[in-house]
Amino acid sequence: MKKSERKIRFDGTDPDEVNLRREGPPPEPADYCPTAGKTMHATERDAERVAAHQMAGGSPPLRTYFCLYCQHWHLTKAD
Ligand SMILES: [Zn+2]
């Protein structure tokens, strides 16, 4: 993992996760990246908000990454 990557634990103990859940999912529906086959998020924060929301709903652990094809952020399963 690169040092610049930040990992939120999403287990209810990370203060930033609590903030993300408080913010809720991004208000705007995201577009779809045909290359990655994933929903596009304009900012890493938006992607994290969606991840927090999905994981609160029982999704497996997720992480964000920047897609070089669409220049947006996607979610993928955490390693
Ligand atoms: Zn993409």
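Every number here is computed from the coordinates shown, using simple stated rules; none is lab data. No experiment lies behind these values; they were computed from the predicted model shown. Cβ atoms come from the backbone with ideal geometry, glycine included; neighbour counts cover every protein chain shown.
The slack between ARG45 and LEU68, meaning 0.36 nm per residue of separation minus the straight C-alpha distance, is 6.6 nm.
Label positions at ASP11 and THR35, each projected 7 Å from the Cα along the C-beta direction, are separated by 3.5 nm. Taking other Cβ atoms within 10 Å as a rough exposure proxy, LEU62, LEU68, LEU20 sort from fewest to most as LEU68, LEU62, LEU20. Here the residues TYR65, TYR32, ranked from fewest to most Cβ neighbours within 10 Å of their Cβ, fall in the order TYR32, TYR65. In this Cβ point-charge picture (+1 for Lys and Arg, -1 for Asp and Glu), the stretch 15-77 has a dipole of about 180 debye about its Cα centre.
Let a ≥ b ≥ c be the square roots of the eigenvalues of the Cα gyration tensor of the stretch 15-77; is it rounded (a/c under 1.5), or, if not, prolate (a/b larger than b/c) or oblate? Judged from the Cα gyration tensor, the stretch 15-77 comes out prolate (a/c at least 1.5, a/b above b/c). Dipole orientation for the stretch 15-77: of the candidates GLY57, CYS67, CYS33, GLY57 has the Cα lying most toward the positive pole (charges on Cβ; Lys, Arg +1; Asp, Glu -1).
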